[in-house]
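Trainee: Below: one structure in structure tokens.
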Amino acid sequence: MQRVNLSTVSEFVFVGLSDAPEIRLLLFVLFLLVYLATTASNIMLLVAISTDSHLHSPMYFFLGNLSLLDLLCPTITVPKMLGALLLEHKEISFSGCLFQHFSLIAVVGTEIFLLAVMAYDRYVAVCQPLRYPSIMSPKLCAHLAAGTWATGLLNSLLHTSLVFTLSFCGPNKIQQYYCDIPPVLALSCSSTRSRELVTLLVAGVLGGSACVVTVVSYNYILLEILARNSPGMWNKAFSTCGSHLTVVCLFYGTTICTYARPSFSYSPRWDRVVSMLYGMLTPLLNPIIYSLRNKEVKCALKRVVSQVRRAL
């Protein structure tokens, strides 16, 4: 029987963001600052949620999982990119590329399912507030969180096996700053049409299901607001759902532009810009969005900052 993986490529090379030394240094400083800000903001949010008793509720439990994902996402890709910008070390081994690809797709998939779970949580909070503590029990929340992580890992395992069991025997320059599905598929010597169809089908079914849960949840929330016809209901619903809805729109917008299309429409320059939005700016903006729109989070973060100051 013929072996599935006929790869003769032992390493891949990332195409740099710029070959001009002065611009490369500027990009290094810029991306380093963004990465440090992203790391610090998400760590602070995680500490605030875990240490403040006022934030020990289902909503903030899921928000803590989201912050962990936003911490992992740039950590998977940005350090390698910073090394390429500063040291011009653009090579990555075949196994390293595989691991990076698996980790990134796992984080992206988990976040898609987690946002759907968070939408359901907001639906219960707005439409069934009296039953909210009994419905969103700690046991159910733990099962939902574990389910999102498990589904994200299994989804990533499938996509990674589809991509890295192809044969790579020619060019090895990845038109991206990390190992993503479209640029890696573009380097394969094998026919990728069937793999692309399976990838799009699986992504469509799983991602579409998560999107349906999110849309249906917010449709019920909207109908509940219209049915009550209370002046203060709009403000209450906005304060409850506004942050999550903003994060959902930001996440789905960048993810759809990156993954929900065939490889023949792949544009390296455009994809780098979109990847920057998803891989760096979205994880930075998410904790800011939740902090600015939530008084409890702002108070908790102030307490964390004051404790750090006293400790120093």
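Trainee: Below 8 Å between Cα atoms, with a sequence gap of 6+, how large is the relative contact order for segment 120-225 in percent?
Mentor: 36
Trainee: Let me ask another. Rounded to whole Hz and in sequence order, give me ³J(HN,Hα) for segment 138-146 from the Karplus expression 6.51 cos²θ - 1.76 cosθ + 1.60, θ = phi - 60°, writing x for Gly and Pro.
Mentor: With coefficients 6.51, -1.76 and 1.60, one gets x, 5, 5, 4, 5, 5, 5, 5, 4 Hz.
Trainee: Right, here's the next one. Sequence-distant or interchain residues sharing an amide H contact under 5 Å with PHE168, placed H: which?
Mentor: LEU6, SER7, THR8, VAL9, CYS189
Trainee: Taking a probe of 1.4 Å, how large is the accessible area per residue of segment 97-217, in Å²? Mind showing how you got there, number by number?
Mentor: On the way: 4990 Å² over 121 residues.
The answer is 41 Å² per residue.
Trainee: Whole angstrom only: what separates the Cα centroid of segment 99-114 from the Cα centroid of segment 168-235?
Mentor: 11
Trainee: List the trypsin sites (Lys or Arg not before Pro) in segment 123-217 that DSSP assigns to loop (not H, G, I, E or B) and whose Cβ has at most 10 other Cβ atoms within 10 Å. Which are they?
Mentor: Numbers: sites: ARG131, LYS139, LYS173, ARG193, ARG195; in loops: ARG131.
Answer by residue number: ARG131.
Trainee: Let me ask something else about it. Roughly how much of GLU296 is accessible, in Å² to the nearest 10, using a 1.4 Å probe?
Mentor: Accessible surface of GLU296 is approximately 90 Å².
The values are calculated or read from the model by the stated rules, or taken from the named source; none is laboratory data. Because the structure is a prediction, the values reported are computed rather than measured. All Cβ positions, glycine included, derive from the backbone under ideal geometry; neighbour counts span all protein chains shown. Ligands, DNA and RNA are excluded from the accessible area calculation, which covers all protein heavy atoms including side chains. Shrake-Rupley method; radii C 1.70, N 1.55, O 1.52, S 1.80 Å.
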